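These notes concern the structure reproduced below.
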Amino acid sequence: MRTVEVGRAPLSRRSFCEGGRASARTVPPQWDALPHYHGLMFLCQHAPLDLLMFYDARIGCAMNNMFDVVSLEPMRGYYPFLAWARLRRLGTELAVSMENAEGYYSVAAVGPDGRIGMLVVRYTDNDNLSAPQSVTIKADGRSLAKARCHLTDKQYFFSEVIPVCNEDGSITLSFKPNSFAFIEGQGERQS
């Protein structure tokens, strides 16, 4: 196993293969309590990496941002993992397009029964940016009109919000900086 930076993963993978070590695992450095590690998950989605390591989810650890140490209730850091788990269960990646989407990242999946799941993140490293921004989201050939949206930001913890449903089957959601939404439902095919 070799620790690599995400941006260097393709070079590392190629070097391993050329050096006769194609079975070597590539793993980015451990990551902990990053406020927006769902963004790291997006970067790694198509990188030639074998696994991610999260440090540290132990209750009582100062770096744990997944569970409250007193109540054991989930905190904001728990919900990106929940969303990714739901996407993995669906199975097949689905194309997503967005309008007015600078600073947004998305990934989606569809299950054999037509159910869809989508994770949309608004990320910025500009601490002076605080205004909400709306983005229009389309799933490849599927209507999102009946989708449920769960928003996580400084105010909401995976709370259901109602999107604006557009005539073309897309939806419009408002995101504060450094927030994300998990969108799920039966994505009816459009012609």
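A few notes on this one:
- In segment 125-157, of all residues being over 22 Å from Leu94 (Cα atoms), of a type outside the set (S, T, N, Q) and buried (at least 16 other Cβ atoms within 10 Å of the Cβ), the one that is nearest to the chain's Cα centre (by Cα) corresponds to Asp153.
- Flag for Lys154 being in the same structural domain as Asn166 (by TED's automatic domain parsing) and farther than 13 Å from Leu173 by Cα: yes
A quick yes/no check of all residues on (1) free of Cβ contacts under 8 Å to residues at least 12 places away in the same chain; (2) among the acidic types (Asp, Glu):
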residue	(1), (2)
Ser71	yes, no
Trp84	no, no
Arg88	no, no
Glu93	no, yes
Glu102	yes, yes
Gly111	no, no
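- Filter pass, Met53 being in contact with an Asp or Glu (Cβ under 6 Å, 6 or more places away or on another chain), at pLDDT 70 or above and either within 21 Å of Arg76 (Cα to Cα) or not aliphatic (A, V, I, L, M) (or both): no
- From Ser174, Ser159, Ser179, Ser134, residue being without any contact (Cβ under 8 Å) to a residue 60 or more places away in the chain, in contact with a Lys or Arg (Cβ under 9 Å, 6 or more places away or on another chain) and of a type in the set (Ser, Thr, Tyr): Ser179
The values are calculated or read from the model by the stated rules, or taken from the named source; none is laboratory data. None of these values were measured; they are calculated from a predicted model. For neighbour counting, all protein chains shown are included, and Cβ atoms are generated from backbone atoms with ideal geometry for every residue, glycine included.
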